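The values are calculated or read from the model by the stated rules, or taken from the named source; none is laboratory data. In this text the structure is predicted, and so the values were computed from the model without any measurement. Here the Cβ is made from the backbone with ideal geometry for all residues, glycine too, and neighbour counts use every protein chain on show.
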Ligand code: 26Q
């Protein structure tokens, strides 16, 4: 008989089994006899969700009772598949395994059945997800606010070596993890004009008369902490029309006109924009940003009021983080809500606003800094433009007093760019409206202060600080690499999962232990065999799991230099053909990553890699010694398969271009050695693991700048370096393109004429580092030692550490833990 009491909360195998059956019948509406794998997956997901919801109630309560909560505003979240992670964090894996076994089901198969919400482009969205995991685990009252895109990042298919984008239908089979809250909804005005009037007290006021109003509806997903009762709340907004029908239009017989408004309103949360696309004309993107920011701020005000708070104490209730400038309009929107709606005077409202917000910058690339053409901005947000003008007027007045007569500086600091066309500069808005501004790695923060934010740094040095990124050791070690995690726990105990830095260091003493090394090797080998299986399934390429797995997975971008990696493959290929006795280990070079649909050069790089693969993989002269794989559709789920199987991690961006990188951390935490430039967090990783356990190469950021100042002439490298000349000539000859000499011309031409990302300058030192890597891999014992030391010394790259720094230095929020380990 079913024990009703613990049906939805019990953690015994029997209770779990019963809940699965109950959910199968009463939620999924299936009977076991005809249930598909998806039905069982859904039933299990609801069963796990039942256990999450129990904690949910408590979390909501603590949100209301806490003194200050963290609100993480991000246009992107990439949480990855939920099921496995939730089971792990709730500590119910063994019982669930048993429960599913009793039903004749394979738990791991159900876990891998789940797709993922691709509500982000790459690392910025994934970072937001790791941060929610850490905030939940550290028992901080947290809401992540974002957009519930109906279509997330596209799925990638490879046809004839080219990327093809396929729409992401993540909601096609329903989403068991979200709870729709139709009663939590806000109106968001758009367009129209403003007018002035005098209120009853005779005060001069401004009113926004919008052209249209859309409604945002909350969709909530609980994000569990690890082995704690707390969950973080991920609240995503879906846009809808205010009323399903425009009844007036309907009554006049304009049925289609009436439906049109509904369609237009729903468009706002329809699709995620890819990065690396030219954006200025994208009105919809600005509407999206404002839409989710406005809903989120209105929600915060409502919750605050529910708890008895008044608008004037808003900043004591919330610390709001702006994840890049995508939500930066929040600065103007909070001002509007406080001044126009709550009738707080400007000075006080401005104080509240600055105390509330802090801003994280994720890029130095000038082309990636967001700015909106003034006419477009005025069309969508007429009232906000006025508010921004007023913020700017007061701000520049202060600047004028600080730097009398320095009109150049004034021009640079202004929130409005005044060139031929005028633009609103979102980074400037975020910087002026925040009390803290941070970069995401030490080098990045330094460069931020010296370059794009230099004037702001000189004006407000006290606002700047660094918080180096981190990743969740739950998803990126325990969940994706159970074999290695087991070894670590056997060696140092299980504390490392939450307290990596201190505990995992204990692993060091095992680096010279022969038996431990052997166990370590076996785990890595197993992970590589698993990846090899998937590679052959998805690409048909058979790879040797004994070979060195040399992996580069990340978005495809010229600054990340996947094509530098490709040039190395060609060098190796030629060397092996010429000298069959060459003393190098067999290598499998694996790539993965999506290119922005409109970024032709990036798409050509994918084709380039696949074309090299086509030649190399069938050449009997190098069979068993060199293979090249492009693993399609790199995402969180595939990442969980890939990082644990890597021997060598490629982190080869042009120094100064990668803000931090977090893939670099995931690889190293899973025992890969890094070959990398002194860029982003690589610098700190190298310091942590020790330079002798890290393969560094290439120009430093400063050397890159100097080289460009002096005048960089890439063709000279080509002329002077025989090997480089040979590989480039081979590409030009059409050798990798069935005789087509034009196909890769745009790539080669860029390298020889401009080489903005300095591939040719770095090529010789990259090759040298690669040779060193190959030699090191041949001495297995030493390689294992370095691999173990990497893991032992990487504890500081847990997102728990990052979050503690945000808490202590920026948010000033306390843990719910009564005793408090902080
Ligand atoms: C902007 C305007 C319009 C449309 C899209 C965008 C857009 C969307 C996403 C611009 C950028 C992004 C994503 C940026 C990103 O992922 N940056 C990465 O952030 C990581 C986390 O801090 C760093 O580790 C990486 O170095 C950085 O590249």
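So if I check each of 323, 392, which one is more than 16 Å from the ligand (Cβ to nearest atom), at pLDDT 95 or above and touching a strand residue (DSSP E or B) at 6+ places or on another chain (Cβ under 9 Å)?
Exactly one of 323, 392 is more than 16 Å from the ligand (Cβ to nearest atom), at pLDDT 95 or above and touching a strand residue (DSSP E or B) at 6+ places or on another chain (Cβ under 9 Å), namely 392.
I need the strands (runs of 3 or more DSSP E) fully contained in the range 296-396, keeping only those with at least 3 residues that are buried (at least 22 other Cβ atoms within 10 Å of the Cβ).
318-323, 357-360
Taking residue 429, is it part of a helix (DSSP H, G or I), in contact (Cβ under 8 Å) with a residue 12 or more places away in the chain, within 16 Å of the ligand (Cβ to nearest atom) and out of contact with any strand residue (DSSP E or B) (no Cβ under 7 Å at 6 or more places or on another chain)?
So residue 429 fits the description; yes.
Could you grab the pairs with beta carbons closer than 8 Å, sequence gap of 6+ or different chains, first residue in the range 119-134 and closer than 19 Å to residue 557 by Cα, second one near the ligand (Cβ under 7 Å from one of its atoms) and at pLDDT below 95?
121/274; 121/275; 122/275
Tally time: how many residues in the range 432-441 are within 15 Å of the ligand (Cβ to nearest atom) and under 18 Å from residue 410 (Cβ atoms)?
Final tally of qualifying residues: 0.
Of (1) assigned to a strand (DSSP E or B); (2) modelled with pLDDT of 95 or more; (3) out of contact with any helix residue (DSSP H, G or I) (no Cβ under 6 Å at 6 or more places or on another chain), residue 186 satisfies all except one. Which?
(3) is the only condition that residue 186 fails.
Criterion first (loosely packed, with under 15 Cβ neighbours inside 10 Å, in contact (Cβ under 8 Å) with a residue 40 or more places away in the chain and more than 16 Å from the ligand (Cβ to nearest atom)) does residue 109 satisfy it?
Against the criterion (loosely packed, with under 15 Cβ neighbours inside 10 Å, in contact (Cβ under 8 Å) with a residue 40 or more places away in the chain and more than 16 Å from the ligand (Cβ to nearest atom)), residue 109 qualifies.
In the range 205-244, which residue that is free of Cβ contacts under 8 Å to residues at least 40 places away in the same chain and out of contact with any strand residue (DSSP E or B) (no Cβ under 6 Å at 6 or more places or on another chain) is surrounded by the most Cβ atoms within 10 Å (Cβ to Cβ)?
My answer is 241.
Matching residues to (1) within 15 Å of the ligand (Cβ to nearest atom); (2) modelled with pLDDT of 95 or more; (3) surrounded by fewer than 24 Cβ atoms within 10 Å (Cβ to Cβ):
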position: 119; (1), (2), (3): yes, yes, no
position: 130; (1), (2), (3): yes, yes, no
position: 135; (1), (2), (3): no, yes, no
position: 147; (1), (2), (3): yes, yes, no
position: 150; (1), (2), (3): no, yes, yes
position: 158; (1), (2), (3): no, yes, yes
position: 162; (1), (2), (3): no, yes, yes
position: 178; (1), (2), (3): no, yes, yes
position: 182; (1), (2), (3): no, yes, yes
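Quick check, is residue 90 more than 16 Å from the ligand (Cβ to nearest atom), at pLDDT below 95 and touching a strand residue (DSSP E or B) at 6+ places or on another chain (Cβ under 7 Å)?
no
If you scan the range 192-217, which residues turn out to be in contact with a helix residue (DSSP H, G or I) (Cβ under 8 Å, 6 or more places away or on another chain) and part of a strand (DSSP E or B)?
193, 194, 205, 206, 207, 208, 212, 214, 215, 216
Please pick out the residue among 711, 734, 690 that is away from the ligand (no atom under 16 Å from the Cβ), without any contact (Cβ under 8 Å) to a residue 24 or more places away in the chain, farther than 27 Å from residue 570 by Cβ and surrounded by fewer than 22 Cβ atoms within 10 Å (Cβ to Cβ).
After ruling out the rest, the residue left standing is 711.
Within the range 710-727, can you find the residues that are in contact with a helix residue (DSSP H, G or I) (Cβ under 9 Å, 6 or more places away or on another chain) and either assigned to a helix (DSSP H, G or I) or farther than 12 Å from residue 764 by Cβ (or both)?
If the condition is that a residue be in contact with a helix residue (DSSP H, G or I) (Cβ under 9 Å, 6 or more places away or on another chain) and either assigned to a helix (DSSP H, G or I) or farther than 12 Å from residue 764 by Cβ (or both), then 712, 714, 715, 716, 717, 718, 719, 723, 724, 725, 726, 727 are the ones that fit.
If you check residue 350 against the conditions, is it away from the ligand (no atom under 16 Å from the Cβ) and at pLDDT 95 or above?
yes
Identify all residues within the range 416-446 that are under 20 Å from residue 677 (Cβ atoms) and surrounded by fewer than 23 Cβ atoms within 10 Å (Cβ to Cβ); write none if there are none.
442, 446
Taking into account only those residues within the range 462-516 that are part of a helix (DSSP H, G or I) and modelled with pLDDT under 95, which is surrounded by the most Cβ atoms within 10 Å (Cβ to Cβ)?
Step by step, filter the range 462-516, then rank; the result is 500.
Here are some conditions: (1) surrounded by 23 or more Cβ atoms within 10 Å (Cβ to Cβ); (2) within 26 Å of the chain's Cα centre (by Cα); (3) outside any loop (DSSP other than H, G, I, E, B). Residue 588 meets all but one. Which one does it not meet?
In the conditions (1) surrounded by 23 or more Cβ atoms within 10 Å (Cβ to Cβ); (2) within 26 Å of the chain's Cα centre (by Cα); (3) outside any loop (DSSP other than H, G, I, E, B), residue 588 misses (2) alone.
Which of (1) in contact (Cβ under 8 Å) with a residue 24 or more places away in the chain; (2) under 18 Å from residue 608 (Cβ atoms); (3) part of a helix (DSSP H, G or I) does residue 756 not meet, given it meets every other one?
(3)
May I ask you to list the residues in the range 442-461 that are outside any loop (DSSP other than H, G, I, E, B) and away from the ligand (no atom under 16 Å from the Cβ)?
Listed by number, the residues that qualify are 449, 450, 454, 455, 456, 457, 458, 459, 461.
Just to verify a result, which residue in the range 671-687, among those that are part of a loop (DSSP other than H, G, I, E, B) and either under 19 Å from the mean Cα position of the chain (by Cα) or within 16 Å of the ligand (Cβ to nearest atom) (or both), is surrounded by the fewest Cβ atoms within 10 Å (Cβ to Cβ)?
Looking at residues that are part of a loop (DSSP other than H, G, I, E, B) and either under 19 Å from the mean Cα position of the chain (by Cα) or within 16 Å of the ligand (Cβ to nearest atom) (or both), I get 678.
Being surrounded by fewer than 22 Cβ atoms within 10 Å (Cβ to Cβ), in a loop (DSSP other than H, G, I, E, B) and in contact with a strand residue (DSSP E or B) (Cβ under 7 Å, 6 or more places away or on another chain) is the requirement here; does residue 597 meet it?
Against the criterion (surrounded by fewer than 22 Cβ atoms within 10 Å (Cβ to Cβ), in a loop (DSSP other than H, G, I, E, B) and in contact with a strand residue (DSSP E or B) (Cβ under 7 Å, 6 or more places away or on another chain)), residue 597 qualifies.
Under the condition of being in contact (Cβ under 8 Å) with a residue 60 or more places away in the chain, within 11 Å of the ligand (Cβ to nearest atom) and part of a helix (DSSP H, G or I), which residue from the range 630-665 is surrounded by the fewest Cβ atoms within 10 Å (Cβ to Cβ)?
663
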